[in-house]
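Notes to accompany the following structure.
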Amino acid sequence: MREEIIVSGRMNPNIDPHLHIWHWQIPLYLFLGGLAAGLLFFAAYFIIQGKEDKYPAATKLATLVVPFLLILGLFALFLDLKHKLYFWRLYTTIRLESPMGWGAWTLMIITPISMIWAALNVRTFFPNWKWPFKFLDDLESFFLKYKKVLAWVTIFYALILGVYTGILFSAFNARPLWNTSILGPLFLVSGMSTAAALIILLSRSKEERFMFAKIDLVLIGIELFLITHMFMGFLASTQVQIEAARLFLGGPYTAVFWVFVVGLGLVVPAILEFFEIIKIKIPAVIPAILVLIGGLLLRFIIANAGQFSRWLY
Amino acid sequence: MRYAMAIDTKKCVGCSDCVVACQTENNVPIGYCRDWVTEITDGTYPQLELEIRSERCNHCENSPCVRCCPTGASHYSDGGIVTVTHNKCIGCGACITSCPYDARYSHPDGYVDKCTFCIHRTQKGLQPACVSTCPTKCMYFGDLDDPKSEVSLVLKKRKWKTLIPEAGTDPHVYYLI
């Protein structure tokens, strides 16, 4: 049998025996970013539709949560940097070729937008809220006047943020598992699905929970379709991508991916949500929590396995 | 000007002198290396072939690390040498992840580090430390744009390969086979 044995003298920390430069910070940040993108998308979409009163958790309560998610995500991203004192260099450069670069700029735009939404909705939950300065009142009335325009801008940037969480990975040709353009849409849809799940958790209205269970069911369907296509694409591609797919088809990530991400994170919640839609009583919390954990795990597994996959030469 | 290196796999004995020379010249932190020796045994027993390669950053013409750097810290210097400006690097790790050769590492001081083709020496007209120290004289370094340079001549005369050309990086470290 022909064999090839490669012995390398290199043993750089975090690089060998296999790359492990991105730890928990990046996948956590991608999860929070995707979740925030989904929440902003739904909020803006239903505001444009004029259904604010029908879906209060999605259009009001959720917007108060988003800035915290984004700030937490940015903090995780900051923790990931190893030359922390120079982080400001991100914002003295514009490099459109670099996904990390335009992702940082997208966050710079969408974080203030999310704060505007939170500010516009703060009186719903704190009726006695007063702004300390007059110009803040003026700003509030300005944004209230152009609420729909703001909603359209929010939808645009939310979609960019959601896709970006996947493109950050897929732009690396050096990691065969990540090097698929399906990762962008997959992470976008997964982010929106986790957002729908969080809205179900936040909502007190039966009608709203029902609506978002339906939305989530469709999103889970799309996700399963994209995952299937991702593996079909890998298996029809070059040797390195076939080997990347094998990490999940018999390799070390098989059980954790198919049981926890696909099984408990997608299929089981889809079945439970389907039961809910055909009016079989299921506590809405269960599928929602499963979807959230599944989304988090998906990013951790893709981040880890991607660094494990490589070119052999 | 386009700097390149050619390494003769038929002459290399894998002594790792290039590795030590680099670590000394560039004050590489202990436990890290900018160049390394790889030994590949290939074939069916007893018909085995051994190839020994001294590897390093390939100073690619289409560098994924330069492309994905968000701050422009990774850039092309004179002669197409890919270098990292330390006080522009935020240590995000994107370039480390983007390199199909895994030639980069995170320096304990925080910035990303790698082979520089000893740019501080080449600017003075000297050879990189690894090349000048090689006891079997298996490395050639020079300007690809100059048809009379040592590296251009040896690449004309000998058969050669680059590492993972299918990654589309257009590497500028050549291996004579």
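The values are calculated or read from the model by the stated rules, or taken from the named source; none is laboratory data. All values derive from a computational prediction rather than experimental measurement. Please note: Cβ atoms are built from the backbone with ideal geometry, for glycine as well, and neighbour counts cover all protein chains shown.
Points worth noting:
- Scanning the range A:121-135 for residues that are surrounded by fewer than 18 Cβ atoms within 10 Å (Cβ to Cβ) and either among the aromatic types (Phe, Trp, Tyr) or not in a loop (DSSP other than H, G, I, E, B) (or both) yields a count of 10.
- Within the range A:86-120, the set of residues being within 10 Å of chain B (Cβ to nearest Cβ), of a type outside the set (D, E, K, R) and assigned to a helix (DSSP H, G or I) comprises A:Tyr86, A:Phe87, A:Trp88, A:Leu90, A:Tyr91, A:Pro99, A:Met100, A:Gly101, A:Trp102, A:Gly103, A:Ala104, A:Trp105.
Every residue, every condition in (1) modelled with pLDDT of 95 or more; (2) crowded, with 21+ Cβ neighbours inside 10 Å; (3) farther than 24 Å from B:Lys157 by Cα, yes or no:
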site: B:Ala6; (1), (2), (3): yes, yes, no
site: B:Thr9; (1), (2), (3): yes, no, no
site: B:Glu49; (1), (2), (3): no, no, no
site: B:Cys60; (1), (2), (3): yes, yes, no
site: B:Cys65; (1), (2), (3): yes, yes, yes
site: B:His75; (1), (2), (3): yes, no, yes
site: B:Pro100; (1), (2), (3): yes, yes, yes
site: B:Ser106; (1), (2), (3): yes, yes, yes
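Residue-by-condition table, conditions (1) more than 19 Å from A:Ala213 (Cβ to Cβ); (2) modelled with pLDDT of 95 or more; (3) away from chain B (no Cβ under 14 Å); (4) not in a helix (DSSP H, G or I):
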position	(1), (2), (3), (4)
A:Phe248	yes, yes, yes, yes
A:Trp258	yes, yes, yes, no
A:Val262	yes, yes, yes, no
A:Lys279	no, no, yes, yes
A:Leu292	no, yes, yes, no
A:Gly295	no, yes, yes, no
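- Residue satisfying condition, being within 14 Å of chain B (Cβ to nearest Cβ) and touching a residue at least 24 places away in the same chain (Cβ under 8 Å), within set A:Ala284, A:Ala303: A:Ala303
- Residues in the range A:5-59 that are in contact with a Pro (Cβ under 9 Å, 6 or more places away or on another chain) and either away from chain B (no Cβ under 14 Å) or assigned to a helix (DSSP H, G or I) (or both): A:Ala36 alone.
- Number of the condition not met by A:Ser141 [criteria: (1) hydroxyl-bearing (Ser, Thr, Tyr); (2) under 20 Å from the mean Cα position of the chain (by Cα); (3) over 19 Å from A:Gly233 (Cβ atoms)]: (2)
- Residue in the range A:143-166 that is over 30 Å from B:Val112 (Cα atoms), surrounded by 16 or more Cβ atoms within 10 Å (Cβ to Cβ) and without any contact (Cβ under 8 Å) to a residue 24 or more places away in the chain present: no
- The range B:85-97 - residue that is under 10 Å from B:Pro64 (Cα atoms) and either facing chain A (nearest Cβ under 7 Å) or not hydrophobic (A, V, I, L, M, F, W, C) (or both) and, of those, farthest from the chain's Cα centre (by Cα): B:Ala94
- Some residue of the range A:63-85 being over 24 Å from A:Thr165 (Cα atoms) and within 7 Å of chain B (Cβ to nearest Cβ): no
- Scanning the range A:90-102 for residues that are crowded, with 19+ Cβ neighbours inside 10 Å and touching a Ser or Thr at 6+ places or on another chain (Cβ under 8 Å) turns up A:Leu90, A:Arg95, A:Gly101.
- Pairs where the first residue, in the range A:250-262, is β-branched (Val, Ile, Thr) and the second is surrounded by fewer than 17 Cβ atoms within 10 Å (Cβ to Cβ), C-beta under 8 Å, 6+ apart: A:Val262/A:Leu224
- Every condition in (1) within 27 Å of A:Val240 (Cα to Cα); (2) more than 10 Å from chain A (Cβ to nearest Cβ) is met by B:Arg121 except one, and the failing one is (1).
- Against the conditions (1) surrounded by fewer than 19 Cβ atoms within 10 Å (Cβ to Cβ); (2) aromatic (Phe, Trp, Tyr); (3) outside any helix (DSSP H, G or I), A:Phe275 satisfies every one except (3).
- Filtered residue count, the range B:98-118, keeping only those that are touching a Pro at 6+ places or on another chain (Cβ under 9 Å) and either part of a loop (DSSP other than H, G, I, E, B) or within 8 Å of another protein chain (Cβ to nearest Cβ) (or both): 13
- Restricting the first member to the range B:112-136 and to residues that are aromatic (Phe, Trp, Tyr), and the second to residues that are at pLDDT 95 or above, the beta-carbon pairs closer than 7 Å and six or more apart or on different chains are B:Phe117/B:Tyr3; B:Phe117/B:His59; B:Phe117/B:Ile81; B:Phe117/B:Pro128.
- In the range A:60-85, the residues that are buried (at least 21 other Cβ atoms within 10 Å of the Cβ) and either within 16 Å of the chain's Cα centre (by Cα) or assigned to a helix (DSSP H, G or I) (or both): A:Lys60, A:Ala62, A:Thr63, A:Val66, A:Leu69, A:Leu70, A:Gly73, A:Leu77
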